[in-house]
Structure formats: C-alpha cells, structure tokens
Amino acid sequence: MNVSTLEWTITLVALVALLLVDLIIVGRRPHEPSFKESTLWVTFYVGLAVLFGIWVYISHGAQYGGEFFAGWLTEYSLSVDNLFVFVIIMARFAVPRMYQQKVLLVGIVIALVMRGAFIAAGAAVVSRFSWVFYLFGAFLIYTAWGLVKHGEDDEGDYKENVMIRTARRILPMSPQPDGAKLTTRINGKLLFTPMLIVMIAIGTTDLIFALDSIPAIFGLTKEPYLVFTANVFALMGLRQLYFLLGGLLDRLVYLSIGLAVVLAFIGVKLFLEALASNNVPFINGGEPVSWAPHVPIYVSLSVIIGTLVIATIASLIKSNRDARAEAALAAAAQASGKPSADQPSAELPSAEQPHRVRGQG
C-alpha cells in the first residue's frame, strides 16, 4: 500500500482536530451526555469510519478497503469489551457521572499516544522478522482460551497496575477530589487529585488491552497506516459509546465468547501465514510450508461480522429470557409475601446497592 506523506499528514491533522474539538466541548461544559447526544456522536464517528473505509477502498483497492473494515470492526468490538473495565474503574474511584466524559477523553488521548508508539514498534518488528507471527498467533489463541475459561472481569478482579501504584507513591496526592481538577492547593501546597489516578488507570488499562488488539489487527493487515487509523477510529467514539450503552453492557453476556472466537480465528490465520512464509530453521527445514492456505480478507471479514452478530443476538435473547425469569420469580415471591432475592433490603436504599458489573448477575 503506497501511502504518501501528504495522506499521512492530512489524516493526522484531521484526527488531531477532531480530538481538540472533543477536548474543547468537554472542557467547557462537563456533563453527563443524554441518550440523544451520545447516539448522534456515535453515529457520527461510525459514519466517519465507514466513509474512510470507502475512501480506502476507492483510492487503494478492495483488498486494503476490506483490511481496514476487518481491522476496525475487530478493534471496535474489543473496545466495547474494554468498556466493562472502564465501568469498574469509574465505580471503584466513585467518579461522578458529570466528570466521566473528561476522564474517558483524557484517558483515550493517553492511550492513542502510547498505541501510536506501540504500532510503530510492531510494524518495524513485523517488517523484519516474519517469525513474530508465530508468537502473535500463539498469544491470540492463549488470550481466546483465557476469555472462554475465565469469562468477564468483575470488580473483585480489578487490580491497580504498576503505573498507578508508582504514581500514588511518588506524587503528592490530595486525599479528596476537587471536581474534575487534576491539581488542587491545600494549605498553600500544590497537590495532585485522585482524578489524575483515574485518568492514568483508564489510559494504561487501554494500553494493556492493546496487547490483544495490536497483534489481532496485524493478523488482518500488515499496513501501518491501516493499523493506526483502525485503532484511532475504534477509540474516538468510545467515550460516547460508554454513555450510550450504559446498562446494556451487562446484557452482552456472550461478547467475550464471540471475541474469543474472533481472536482464535485470527491467531490460526497468523499461524498459517507464518507457515506459508516460514524461514524458521527448525520448521520444515527453514522452507515455506506449501500446504498452508492463504485466508482471503473477505473470509476474515465474514467470520468477524458473523461471529459478532451471532454473539450479540444470543446475548440479547439470553438477557431477555433471564429478565423474564427474574420477573416471574419476583412476582411469585410478592404473591407469597416473601421478598425476592434481588429485591433491595429496607436498610439499604436502592441508590446504594452495589453496582452490577461485568460478569455478575
């Protein structure tokens, strides 16, 4: 794929401009976006990604257009999966809803900068060492198995990473937040607020997720331009998607299984491609494996879309069935005069009930 310097420049300038607009909007009026506002923004970003993919298709060919759409859909789906952990982080640090937009946006900017470096390093390694696809493939299959075996994360699974622990240890921290401010003054002393820790948590957590997503997209395209833009478009609408989905996140009970299938498929695809271009001495005498098939991008795209659609439909069917069963149990319990298991106790107001997070319920 021949991407000119002008194309790179226009792309980067346009994406930075979008981020600046987002920062200005959120900075001037921190608030919890309504369902309508979130829907419009998500539609805008998804439409923008689709238009970009069409432009790639027209200007660079069907192969690269398909690679972009496959990569973007995979990254976007993994980003939705990340929202479960974002919910846990927001609940753990008790971030007010009106400030969550700013936290998400700054965290996403941090993640974009770090992912850019990660993608550049990955592209350099991939271009020089074809055997790295064996490692990528094995890692993706291992990750897929972990998703199937362990399921979703819940609040008890969340542990602060080393960057958060280091920041807590070396930075002068205020014991109390000060709105959405990152710094505050107490008795004339400048201190960082817990909001900084929340932003570091969001940004570094998303970088950790890149350990799955970056190898996955390199299994779909080797073009750094497509890898970068697919990641950017997947992350840019994440803030609005967080508010749009809201309680629907808990209904996507089979999303992890669907993602496990996608990651396993890409992992196998990487293995086959590594075998087809093999130069590792102890595999087939260092020669390419002739029987290893090439998986066309349209097959990859079909598998990704089909798997995600099936996982979403199955999740909604199961969630609706479970909701009806719970309602029936609650009605039966009410008729018998006994409180249902899910009914809040009189001593604990409903607003103080533990937040139902991913993997619970």
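The values are calculated or read from the model by the stated rules, or taken from the named source; none is laboratory data. All values derive from a computational prediction rather than experimental measurement. Methodologically, a virtual Cβ is constructed for each residue, glycine included, from the backbone with ideal geometry; neighbour enumeration extends over all protein chains shown.
Listing for the model above:
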item: Where a residue in segment 107-133 is within 30 Å of Ser277 (Cα to Cα) and its partner, wherever it lies, is of a type in the set (Phe, Trp, Tyr) and at pLDDT 75 or above, with Cβ under 7 Å and at least six apart; result: Gly116/Phe228; Ile119/Phe228; Gly122/Phe218; Val126/Phe218
item: Residue match in segment 250-265 (condition: without any contact (Cβ under 8 Å) to a residue 40 or more places away in the chain and in a helix (DSSP H, G or I)); result: no
item: Test: residue in segment 144-152 that is within 18 Å of the chain's Cα centre (by Cα), at pLDDT below 75, buried (at least 17 other Cβ atoms within 10 Å of the Cβ) and not basic (Lys, Arg); result: yes
item: Filter result for Ala14 (closer than 26 Å to Val103 by Cβ, in a helix (DSSP H, G or I) and without any contact (Cβ under 8 Å) to a residue 24 or more places away in the chain); result: yes
item: Residue within segment 107-117 that is closer than 21 Å to Val261 by Cβ and modelled with pLDDT of 75 or more present; result: no
item: Matching entry among Val198, Val232 (being crowded, with 16+ Cβ neighbours inside 10 Å, over 30 Å from Val299 (Cβ atoms) and at pLDDT 80 or above); result: Val198
item: Residue in segment 51-71 that is in contact with a Lys or Arg (Cβ under 6 Å, 6 or more places away or on another chain) and in contact (Cβ under 8 Å) with a residue 24 or more places away in the chain present; result: no
item: Among residues of segment 281-298, those that are among the hydrophobic types (A, V, I, L, M, F, W, C), surrounded by 14 or more Cβ atoms within 10 Å (Cβ to Cβ) and either out of contact with any helix residue (DSSP H, G or I) (no Cβ under 6 Å at 6 or more places or on another chain) or not in a loop (DSSP other than H, G, I, E, B) (or both), counted; result: 2
item: Pairs, first assigned to a helix (DSSP H, G or I) in segment 221-244, second acidic (Asp, Glu) and modelled with pLDDT under 90, C-beta under 6 Å, six or more apart; result: Ala230/Glu75; Asn231/Glu75; Ala234/Glu75
item: Segment 66-102, residues that are closer than 23 Å to Leu147 by Cβ, charged (D, E, K, R) and surrounded by fewer than 21 Cβ atoms within 10 Å (Cβ to Cβ); result: Arg92
item: Among residues of segment 204-236, those that are among the charged types (D, E, K, R) and under 19 Å from Ile141 (Cβ atoms), counted; result: 1
item: Among (1) modelled with pLDDT of 80 or more; (2) surrounded by fewer than 23 Cβ atoms within 10 Å (Cβ to Cβ); (3) within 15 Å of Ile119 (Cβ to Cβ), the one test that Phe209 misses; result: (1)
item: Counted residues, segment 16-55 - those being among the aliphatic types (A, V, I, L, M) and modelled with pLDDT of 85 or more; result: 9
item: Index of the failed condition, Ala91 passing every other in (1) of a type in the set (A, V, I, L, M); (2) under 30 Å from Lys222 (Cα atoms); (3) part of a helix (DSSP H, G or I); result: (2)
item: Test: residue in segment 97-119 that is within 20 Å of Tyr298 (Cα to Cα) and part of a helix (DSSP H, G or I); result: no
item: Of the criteria (1) more than 21 Å from Ile200 (Cα to Cα); (2) without any contact (Cβ under 8 Å) to a residue 12 or more places away in the chain; (3) surrounded by 13 or more Cβ atoms within 10 Å (Cβ to Cβ), which one Thr5 fails; result: (3)
